[in-house]
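Here the structure is laid out as structure tokens; the discussion comes afterwards.
The values are calculated or read from the model by the stated rules, or taken from the named source; none is laboratory data. Values in this document were obtained by computation on a predicted structure and should not be read as measured data. Reconstructed Cβ throughout: ideal geometry from the backbone, glycine too, with neighbour counts over all protein chains shown. Protein only, heavy atoms only, side chains kept; ligands, DNA and RNA dropped before computing areas. Shrake-Rupley method; radii C 1.70, N 1.55, O 1.52, S 1.80 Å.
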Amino acid sequence: MTPPRIRLVALDIDGTLLRSDKTISDRTRRAIDRARGSGVRLVLVTGRRQPSARRVAEDLGGDVPLVLHNGALVVEKGRVLRCRALPRASARRAILIGRAAGAEPVLHCGPQGEGWLLVDAAARPGGLVGHYLDRSRSEVRVVPDLLAVVDAEEPIQVMFGGTREEMESLLPVLVAQLRGAARIERTVYPSAGIVLLDVLDASVGKAEALGFLQQRWGIASAETLAIGDNWNDREMVERAGRGFVMGNADPQLLALGLAALPTNDEDGVAHAIEEHVLRA
């Protein structure tokens, strides 16, 4: 039986659409432009916040819908369609658990996509906090105590970052103590030895948010091509009619036997679009 024609392409950003130098290759850009020109929809499905994801969307040109914060925020034509905030009780609990384990929490806020990053004034300047202070200073708000401001904000997620050893020690503690009150997404960067943990509302996920858009647009999962490179992409890739992981994904993810593409530095996304969209 001939598979259905692809009507929607869902792409992760980092490690998937973007090369290691954070640019989009000419080949990938041409493939995306041709697919969109033929009427295929494109959506970027990312763990990023709106300010940084929007820059990538603008680079592609035209209106590109965004699934942000691993599915907590969905934006179309510059308007927030849906926000699934992290319950304040879960945010407070995650902050306390992280602190007890020696991890520095970063609180993501902004139900309209503002992308605020709240950090403790007493936080160590290195690690994840230092990364945001260096690269996203205009969106960072340093507060005396994260716990004291949770009730005044609408949290989207609590994020922790560190070495693989540190985060793999923290993950089971978060899972055990949050007891299903939140979803925890893991993003692994093998080459850098860094892992991010995102604590989100229990209903949030890239696959679920993509399903929301599929229903809105009248597109079936079988008509969707989804590509990602990390653990937070796994469910989205598995549910798509044609789902792929990048060749640069975590070796443990590749070992699961998911269909794999060339790496992000070898035009893996272009390869998939050319083969499954443009030649179909």
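Computed values, structure above
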| read-out | value |
| --- | --- |
| Residues of region 56-72 classified as part of a helix (DSSP H, G or I) and either touching a residue at least 12 places away in the same chain (Cβ under 8 Å) or in contact with a helix residue (DSSP H, G or I) (Cβ under 9 Å, 6 or more places away or on another chain) (or both), total | 7 |
| Hits in region 245-280 - residues which are free of Cβ contacts under 8 Å to residues at least 60 places away in the same chain, crowded, with 22+ Cβ neighbours inside 10 Å and closer than 23 Å to R183 by Cβ | V245 |
| Test for S203: is it touching a residue at least 40 places away in the same chain (Cβ under 8 Å) and closer than 28 Å to D21 by Cβ | no |
| Conditions (1) open to solvent by 70 Å² or more (accessible area, probe 1.4 Å); (2) assigned to a loop (DSSP other than H, G, I, E, B); (3) of a type outside the set (D, E, K, R); (4) farther than 25 Å from L44 by Cβ: number failed by Q112 | (4) |
| Condition check for L171: over 24 Å from S52 (Cβ atoms), assigned to a helix (DSSP H, G or I) and within 19 Å of the chain's Cα centre (by Cα) | yes |
| Filtered residues of region 2-55 (kept if more than 18 Å from G205 (Cα to Cα), in a loop (DSSP other than H, G, I, E, B) and polar (S, T, N, Q)) | T2, S20, T23, S25, S38 |
| Flag if A222 is open to solvent by less than 40 Å² (accessible area, probe 1.4 Å) and under 24 Å from V43 (Cβ atoms) | no |
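For every residue, the table says whether it meets (1) out of contact with any Lys or Arg (no Cβ under 6 Å at 6 or more places or on another chain); (2) assigned to a helix (DSSP H, G or I); (3) free of Cβ contacts under 8 Å to residues at least 60 places away in the same chain; (4) open to solvent by 20 Å² or more (accessible area, probe 1.4 Å).
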{"position": "V74", "(1), (2), (3), (4)": "no, no, no, no"}
{"position": "R92", "(1), (2), (3), (4)": "yes, yes, yes, yes"}
{"position": "I97", "(1), (2), (3), (4)": "yes, yes, no, no"}
{"position": "H108", "(1), (2), (3), (4)": "yes, no, yes, no"}
{"position": "D134", "(1), (2), (3), (4)": "yes, yes, yes, yes"}
{"position": "V142", "(1), (2), (3), (4)": "yes, no, yes, yes"}
{"position": "G162", "(1), (2), (3), (4)": "yes, no, yes, no"}
{"position": "G180", "(1), (2), (3), (4)": "yes, no, yes, yes"}
